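Chemist: Sharing a structure, written as structure tokens. Questions coming.
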Amino acid sequence: MPAISTTFLARTARERGYAVPAVNVFDEISMRAVIDAAVRTSSPLIVQISVKTVRSSGTAFITSLFQALTRDVEVPIALHLDHCPDRGVIDDVVSAGWSSVLFDASNRDFDTAERETGEVVTQAHAAGIAVESEIENILGVEDGVGSDHVERAYSVETLAAVAERTGADLLAPQLGTSHGLFRSRPTLLPERARELVSLTDRPIVLHGGTGLEPGEFQEFIAAGVSKINISTAVKNSYMRASAEHLDWAREHDEWDPPKLFAAIAAAVTDSIAEHIIWFGSEGKATRVAEAVAR
Ligand code: 13P
């Protein structure tokens, strides 16, 4: 199945009361493992790539890898560029025909953020690509992008009005979460998501998903969030499984790379399959595929 529209996946999820998992991957093992999780649970999926990974692997390689790994897969899967403040990388990804980009303008002042978001939307829409918009900063640094401090925050009315004026397709507001592991329990803001939902029909994205409890995800979904981003959980499963396997290899003096890859993939697939169940997207792939076909 070819890459599908991110907006369509998130809108369908919102209508049906679940969230699409949007999972960051950074190599073949992690991409294959999260796709396997979606296939195992029959869930729609958004595969996300950070700017850091685009820079290290190259847009052409990631595009080909995604096409190769999804060619014979029946579940609907979108390919999305995560937090990107760099217009040059957006140009590349738009030319490569990915499903969507997150233009992260939270490092720009308000007027510049709005003007540039409008420009990115015009450019992306001309190529049939959707734009997630971030103009206030979500806390935490991920793959070198972001800040641990509140740099910019606006009212929900302002966020909805900017989305309307720029034509952005999905909104990434601050909802109390942060990227990476929480150092203390966050003050979550599902009410803020609910207020935004009452002001705009654009899908609302929850960033910083790793570390929330299943009930907390469900509160956000009930408030109208329909795309949930997960990255740190993938990195943790990947690295912990690697460390455990390397301990085993040392103990048994058996150094077989494919066994290491299989151990990592199994851990990442299990972690994402668990999140899919929490997000309520298990078993939703077929109905989404039917809706696409209509
Ligand atoms: P976590 O790293 O907290 O899972 O956040 C992921 C994210 O929001 C990617 O944009």
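The values are calculated or read from the model by the stated rules, or taken from the named source; none is laboratory data. Just so we're clear, the structure is a prediction, and the values are computed from it rather than from any experiment. Here the Cβ positions follow ideal geometry from the backbone for every residue, glycine too, while neighbour counts run over all protein chains shown. In case anyone asks, the SASA skips ligands and DNA or RNA and just uses the protein heavy atoms, side chains included. Shrake-Rupley method; radii C 1.70, N 1.55, O 1.52, S 1.80 Å.
Chemist: Only helices (runs of 4 or more DSSP H) wholly contained in region 3-61 count here; list those with 1 or more residues that are open to solvent by less than 10 Å² (accessible area, probe 1.4 Å) and under 25 Å from GLN218 (Cβ atoms).
Modeler: Here the list reads 6-16, 28-41.
Chemist: Here is a follow-up. Take LEU189 and decide whether it is in contact (Cβ under 8 Å) with a residue 60 or more places away in the chain and closer than 15 Å to VAL156 by Cα.
Modeler: So LEU189 does not fit the description; no.
Chemist: Among what's in region 16-36 and is more than 16 Å from the ligand (Cβ to nearest atom) and either in contact with a Pro (Cβ under 6 Å, 6 or more places away or on another chain) or not small (Gly, Ala, Ser) (or both), pick the residue that is nearest to PRO214 (Cα to Cα).
Modeler: Of everything passing the filter in region 16-36, TYR18 is nearest to PRO214 (Cα to Cα).
Chemist: Can we say GLU132 is of a type in the set (Asp, Glu) and either open to solvent by 20 Å² or more (accessible area, probe 1.4 Å) or outside any loop (DSSP other than H, G, I, E, B) (or both)?
Modeler: When the stated conditions are applied, GLU132 passes them.
Chemist: Filter region 144-175 down to residues that are crowded, with 20+ Cβ neighbours inside 10 Å and not aliphatic (A, V, I, L, M) and give me whichever is farthest from GLY211 (Cα to Cα).
Modeler: It comes out as THR166.
Chemist: Among the residues of region 109-125, are any assigned to a loop (DSSP other than H, G, I, E, B) and either modelled with pLDDT under 95 or open to solvent by 30 Å² or more (accessible area, probe 1.4 Å) (or both)?
Modeler: Taking region 109-125 as the starting set, the residues that turn out to be assigned to a loop (DSSP other than H, G, I, E, B) are 109.
Subsequent filtering for residues that are either modelled with pLDDT under 95 or open to solvent by 30 Å² or more (accessible area, probe 1.4 Å) (or both) retains 109.
There is at least one residue in region 109-125 that is assigned to a loop (DSSP other than H, G, I, E, B) and either modelled with pLDDT under 95 or open to solvent by 30 Å² or more (accessible area, probe 1.4 Å) (or both).
Chemist: Given GLY215, GLY209, which one is under 19 Å from PHE182 (Cα atoms) and within 15 Å of the ligand (Cβ to nearest atom)?
Modeler: GLY209
Chemist: Also, I was wondering about something else. Name the residue, out of VAL23, VAL51, VAL34, VAL39, that is closer than 18 Å to VAL89 by Cβ and at pLDDT 95 or above.
Modeler: VAL51
Chemist: If we scan region 184-200, do we find a residue that is of a type in the set (D, E, K, R) and open to solvent by less than 10 Å² (accessible area, probe 1.4 Å)?
Modeler: no
Chemist: I've got another one for you. Quick one: which residue in GLU132, GLU142, GLU195, GLU136 is of a type in the set (Asp, Glu) and away from the ligand (no atom under 16 Å from the Cβ)?
Modeler: Just a single option satisfies the conditions, and that option is GLU195.
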